[in-house]
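Working notes, beginning with the structure itself.
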Amino acid sequence: MAISKTFSIFSILSLIVFSIFSSLTLAEDSHFFHKTISPTLIGLNKEKLSHLHFYFHDILSGPKPTAVNVAQAQMTNKSPTGFGMVMMADDPLTSGPEPDSKLVGKAQGIYASAAQDQIPIVGGSGLFKFARGYAHAKTHTFDLKTGNAIVEYNVYVFHY
């Protein structure tokens with residue numbers, strides 16, 4: 001009895017795997033599934049490497065915070081790095097560490113806290129279409145009482 005159940009399960013799994021591979025093979029043959037094209041067909045020219053340097057101002061306190069905590073894990077308060085914290089941000093990016101230095105952009109969206117100082121770049125849009133690279137973050141200042149931080153970023157990105 002145990003042998004027939006095992007054989008039946010094996011037969012069903014084999015049939016499922018065969019069906020998946022058959023479907024992929026048919027899709028491959030129809031040229032509907034994928035097609036290799038030249039990058040120039042979608043406007044991609046010579047690849048460039050850019051270095052961006054800026055300061056990220058994460059203000060959690062005061063009358064106009066630039067980031068707010070939207071979720072966190074139970075263990076976040078015990079973590080020295082804030083691991084598990086998820087923030088919604090509209091942070092200014094400046095050319096220097098001073099809050100009144102030239103505004104060069106805004107960091108808008110969601111970020112999560114972890115003990116990493118290098119962040120991979122895997123994609124982009126506009127000038128950074130098909131971007132790849134990494135960003136290196138270094139804390140410039142951090143206020144333990146308020147949670148406010150200024151973080152220096154050096155970003156190296158390949159793009160078209």
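Derivation of every value follows stated rules applied to the coordinates shown; laboratory data play no part. Being a predicted model, the structure only gives us computed values, none of them experimental. Methodologically, a virtual Cβ is constructed for each residue, glycine included, from the backbone with ideal geometry; neighbour enumeration extends over all protein chains shown.
Odds and ends about this structure:
- In this structure, the amide hydrogen of L93, modeled 1.01 Å from its nitrogen in the peptide plane, lies closer than 5 angstrom to those of V104, G105, K106, A107, counting only residues at least 5 positions away or on a different chain.
- Linear extension gain, H136 paired with A73, 0.36 nm per residue minus alpha-carbon span: 20.2 nm
- Note on K129: aspartates and glutamates with a C-alpha under 12 Å away, same-chain residues under 8 apart excluded, are E47.
- Taking I121, I59, I42 and counting other C-beta atoms within 10 Å, the order from fewest to most: I42, I121, I59
- Taken one residue at a time, the phi angles of the range 133-146 give Karplus couplings (6.51, -1.76, 1.60, θ = phi - 60°) of x, 8, 10, 10, 9, 9, 5, 8, 9, 8, 9, 4, 6, 9 Hz. Gly and Pro are set to x.
- Annotation: amide H-H contacts under 5 Å for K129 (H modelled 1.01 Å from N, sequence separation of 5 or more, or interchain): Y160.
- Coupling constants for the range 109-114 follow from the phi torsions by the Karplus curve (6.51 cos²θ - 1.76 cosθ + 1.60, θ = phi - 60°), and in residue order they are x, 10, 9, 10, 9, 7 Hz; glycine and proline get x.
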